[in-house]
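Below: one structure, written as structure tokens.
A short reminder: the numbers here are calculations on the coordinates, not readings from a lab. Only a predicted model underlies this, so the values are computations on that prediction, with no experimental measurement involved. Here Cβ is always computed from backbone atoms with ideal geometry, including for glycine, and neighbour counts include all displayed protein chains.
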Amino acid sequence: MPQIQLGAIDYAILIVYFAFVLGIGVVLRRYVKNSEDFFLSGRSIPTWIAGLAFLSANLGAQEVIGMAASGAKYGMMTSHFYWVGAIPAMVFVGIFMMPFYYGSRARSVPEYLRLRFDEKTRGFNAISFALMTVLSSGISMYALAKLLELVLGWNFHTSVLLSAAIVLVYIFLGGLTSAIYNEVLQFFLIVLGFLPLVLLGLKDVGGWDGLTARLNTVATGAGYEAGAWTYAWRHLDAPSANPMGVEWFGMAMGLGFVLSFGYWCTDFLVVQRAMAAESMLAARRTPLLAAIPKMLFPALVILPGMIAIALHQRAGGFLPLGADGTPNYNLAIPVLLAHYLPSGLLGLGLTALMASFMSGMAGNVTAFNTVWTYDIYQSYVAPGRSDRHYLRMGHAATVFGIGLSVLAAYATTRFNNIMDMLQLVFAFVNAPLFATFLLGMFWRRATGHGAFFGLLLGTLAAAAHHGLSLPGDALPGLKGGFLGTVLRHYPSEMAQNFWTAIVAWTTCFAATIMISLLTRRRKSDAELTGLVYALTPRQTDAGLAWYQRPATLGVVVLGLTLVLNIIFW
Amino acid sequence: MQLDLRLPMGFMFTIFGLLLAGFGLASDRAIYERSLGINVNLWWGVALLAFGLISLGLALRTAKARPQP
């Protein structure tokens, strides 16, 4: 693609943004007095900030670039990641899980696992999570630097080191609060930076009707029914009827239940934002509040992809082509930015894009330094030290966490396959995790051995399913089929991923139940109070007006999501 | 709360708004060909300015209601 030339006004906006990011870190520095201030913001964050940060922590590179790419590639069906995936999971975590997370005073998700199960389950989760966050942060950095190199012609090394340095400074100074505040800034920046882009694009293609007409041509051109790009559910009866290659069951169960619940309910990166909330009520409302803007995000991140592919169709080429002749979907947003935004607004759009990459990194780094310090260092390396010691370790962990991310970013440039492979391994580890939490929270008989070996078997089942299946016409290797025989061919990678998750979850669920029944229960009811649903006093919201209650909010959120699903049926 | 986030946020978007609206007034009309002939810098700059001022206003109102010791 042709490189974008930035004007003085664009640089001015970028510099103002960086000045505020760093300034917030500097101001917040004096509020960091102990380790809980640094890692959990002293549990003092108001609901609206925690909610927007909850949403924003996940709004990294993957979300913005990836969702637009999927919007171009699969159309309206991509919204299932929101309206079937994220939203119900966010309501669930707010209403059912937050009372345990926040009420148990656990400082991290792995720590909850130790309180509920045992040391080895925590260790397994803490170590895999710590590695995964460093890696994701590195990949985020790599993707940002590659994009800036391609779009602006900036030097790759400068971009990596500059983004790393900025993130380092503001987290080092202000800890989690700094990361959270910047995530909220970034949220507004993304909304206000991308909205004009979407509006201009939509106006250009002739509104929703014009877009539908164009996308119908795209769909029929690709051999699908006319509405395949503009309806969310209508073409889900068979994998061959839609570009995603999935059917409703794999979609609802794999994405909606296992993957989304697994991510939003157990990933410390997002849960940490709610744990930092100022009260139990604030913590429970955090994910619910986040769900309201979340349900509208398809308009900001998926719609641009759909507009890009419509323009691609109209002009007979809009997105740059990749080596294999297919459009490079990942460039949908940058190409649209360059196409519609004049100098000025262009600076704002690029700043929003960079902000999203950096907050993705920062989210990972703050989750990493907490899990490292509390769950690995304090537990296995140096227990029983003073709080000051752990605060210092948190600062140090921020430095070497970012150092490791930079290494990971460079490793990605050299060994693309190793990174893909590690991500695959982590996907295997994560897929069964939600079964462990579900049983842990709702079944007091679940034991530590049951949880640990259930997780292990679930992970192995995921690996085995992946190794015995292949998507599309891919060759055996990283994409699957590495166990020699291929028992099942899936129409797409997405379908294969959904089914890998379903298999892993089911295996973990069944194995945890069986092993728990065969092993002795070691935790008494008293020890499990506050950790298991039946043994935890219900949250009484009697003092609250009906519209202030989390349950009401949850019902409203689900109702609105249902309406969106029906509109775009 | 430690630092009212609406304060820095309001400042930042006020500055963005002034920068964009100012640039929109000063810039050559020709650059708006790509944005379908609309002076998006001016209009969006005004919107950002409004957002920034509202955020600042809310922060100041809270600060006034609860004077710092």
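The table below lists the values:
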quantity	calculated
Mean residue ellipticity (222 nm) of chain A, computed from DSSP H runs ≥ 4 via -39,500 (n - 2.57), nearest 500	-21500 deg cm²/dmol
Net charge, A:A274 excluded, C-beta distance under 12 Å - Lys, Arg +1, Asp, Glu -1	+2
Computed lengthening from A:V399 to A:A299, 0.36 nm per intervening residue step minus Cα-Cα distance	32.3 nm
Percentage, to the nearest whole number, of Cα pairs in the range A:126-175 over 13 Å apart	63
Per-residue average of Cβ from other chains inside 10 Å of B:22-34	3
Rh (Kirkwood; distinct C-alpha pairs) - the range A:332-380, Å	13.1
Peptide B:38-48, shielding by other chains (average Cβ, 10 Å cutoff)	5
Inter-chain shielding of A:20-30 (mean C-beta neighbours from other protein chains, 10 Å cut-off)	2
FRET efficiency for A:A252 and B:D28, using Cβ-Cβ distance with R0 set to 41 Å, rounded to 0.05	0.20
Equivalent ellipsoid dimensions for the range A:1-145 as semi-axes, Å, which come from the Cα gyration tensor, largest first	32, 24, 17
Cα shape, the range A:296-339, gyration tensor, a/c 1.5 rule	prolate
Loop-exposed trypsin sites (Lys or Arg not before Pro) per DSSP, neighbour cap 10 Cβ within 10 angstrom, longest uninterrupted part of chain A	A:1-519
Whether the range A:457-505 is rounded, prolate or oblate, judged on the alpha carbon gyration tensor where a/c under 1.5 counts as rounded	oblate
Lysines with Cα under 16 Å of A:K120, excluding same-chain neighbours fewer than 8 positions away	A:K523
Gap separating the Cα centres of the range A:52-127 and the range A:380-404, nearest whole Å	25
Cβ-placed point charges (K, R +1; D, E -1), dipole of chain B about Cα centre in debye, nearest 20	300
Gain in span if fully extended, A:E149 to A:A510, counting 0.36 nm per residue against the direct Cα distance	125.1 nm
Residues A:V556 and A:H489, FRET efficiency given R0 of 45 Å [Cβ-Cβ distance, rounded to 0.05]	0.60
The range A:334-480 shape via C-alpha gyration tensor axes, a/c threshold 1.5	oblate
Ellipticity estimate at 222 nm from DSSP helix runs (n ≥ 4, -39,500 (n - 2.57)) divided over chain B, nearest 500	-24000 deg cm²/dmol
Tail beyond 41 Å, pair distance distribution of the protein assembly as shown (Cα, percent)	24
Hull shadow area, averaged, the range B:16-69 [alpha-carbon convex hull, nm²]	4.2
Part-to-part distance (alpha-carbon centres) for the range B:3-33 and the range A:503-561, which is given in Å	47
Cross-link reach list, lysines versus A:K146, counting only Cα pairs under 27 Å and skipping chain neighbours closer than eight places	A:K73, A:K479
